[in-house]
Amino acid sequence: MTQILALTRQVSPSLDRCELTFLERQSIDFLLAHTQHQAYERALAELGCRVISLPAEPGLPDSVFVEDIAIVLDELAIITRPGAASRRQEIGSIALALQPYRGLKQMSSPDTLEGGDVLRLDQTLYVGISGRTNLSGIRQVSEWVVPYGYIVKPIEVRGCLHLKSAISQIGSDLLLVNPAWVDPKGFGDINWLEVDQNEPYAANALLIGDKLIYPASFPLTRELLEKHDIAITTFDLSELQKAEGAVTCCSLIFKDHLV
Ligand code: CIR
């Protein structure tokens with residue numbers, strides 16, 4: 001059986017100096033953030049992932065959000081060049097951690113791209129054009145992945161940080177979307193559910209196998225998911241949410257070819 005790996009990184013003690021784009025700064029309880037992150041790692045392990053947890057980077061506030069630093073496909077891993085300049089020093093340690101598992105490609109200037117903007121559905125990579133990801137970054141990704149049979153589709157997003165703030169996969173043929181931030185009709189012939197209007201940030205969920213890891217802070221949308229018989233593990237993510245984080249952004253999930 002293929003082992004699924006989840007690469008994570010411990011919360012930085014400087015998280016309260018994180019980048020913020022759409023949220024006001026609030027004080028962050030570091031110890032609580034750490035405890036919540038441990039619960040996240042436990043949930044990944046309980047769903048069958050082998051968790052590789054990198055040590056914290058005290059000088060890099062946003063480094064817990066490892067999703068933004070790479071796109072890991074079966075055939076290769078792309079190390080991104082984050083749109084937020086303060087995050088560019090995060091790439092070295094992620095590249096080192098991925099090197100045993102994949103051949104690496106490294107994006108360079110003027111490209112920018114963050115993994116939170118990449119939604120993979122089978123062989124299609126939907127990539128958000130956001131404040132962090134530019135068209136030249138998307139073109140570069142295309143050049144690397146099209147030879148392996150992938151299709152890359154740029155997608156307009158508005159009003160949120162990343163594409164996956166607005167939409168994520170919650171089943172083999174099902175998406176969860178905030179239609180105010182992205183048009184769900186742009187994702188091919190696939191069904192979708194809409195978040196409750198009172199919970200605009202609720203569209204980010206992490207699908208592992210057929211189960212969802214989902215924040216406790218969106219009870220109305222969660223009720224909708226449960227009505228659709230979706231199995232959910234919830235936990236409190238309040239402190240990472242204050243840093244504009246969500247559930248997908250705290251891990252890189254990929255198959256272990258070494259098994
Ligand atoms: C940032 O602005 O870069 C971080 N404070 C939050 C990154 C969240 N990443 C994600 O949703 N993929």
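Derivation of every value follows stated rules applied to the coordinates shown; laboratory data play no part. Keep in mind the model is a prediction, meaning the values are calculated, not measured. FYI the Cβ positions are ideal-geometry reconstructions off the backbone, even for glycines, and counts take in every protein chain you see.
How large is Rg over Rh for the stretch 97-144, taking Rg from the Cα atoms and Rh as the Kirkwood inverse mean of 1/r across Cα pairs? Result: Rg/Rh = 0.98.
Each peptide in 122-129, 98-105 receives the mean, over its residues, of other Cβ atoms within 10 Å, and ordering these scores from highest gives 122-129, 98-105. Take every pair of alpha-carbon atoms less than 8 Å apart whose residues are at least six positions apart; their mean separation over the length of the stretch 122-259 yields a relative contact order of 17 percent.
Counting only Cβ charges, +1 for Lys and Arg and -1 for Asp and Glu, the dipole size of the chain around its Cα centre is about 600 debye.
Relative intensity of the chain on a log10 scale, I(q)/I(0) at q = 0.08, 0.14 Å⁻¹, equals -0.27, -0.93, per a Debye sum over C-alpha point scatterers of equal strength in the absence of solvent. Springs join every pair of Cα atoms under 10 Å in this Gaussian network model of the chain, and among 207, 121, 163 the largest mean-square fluctuation is at 121. The relative contact order of the stretch 25-102 comes to 20 percent, based on Cα pairs under 8 Å that sit 6 or more residues apart.
Dipole check for the stretch 145-219: with +1 at the C-beta of Lys and Arg, -1 at the C-beta of Asp and Glu, and the Cα centre as origin, the magnitude is about 240 Debye. Here's the picture: charge each Lys and Arg Cβ at +1 and each Asp and Glu Cβ at -1 in the chain, and of 127, 104, 208 the one pushed furthest to the positive end of that dipole is 104. Each part gets one Cα centre, and for the stretch 24-63 versus the stretch 149-210 those centres are 23 Å apart.
For the stretch 103-180, what does the relative contact order come out to in percent, with C-alpha contacts under 8 Å and a separation of six or more? All intermediate terms of the calculation are to be shown ahead of the outcome.
Numbers: 121 pairs, mean separation 23.1, N = 78.
Result for the stretch 103-180 is 30 percent.
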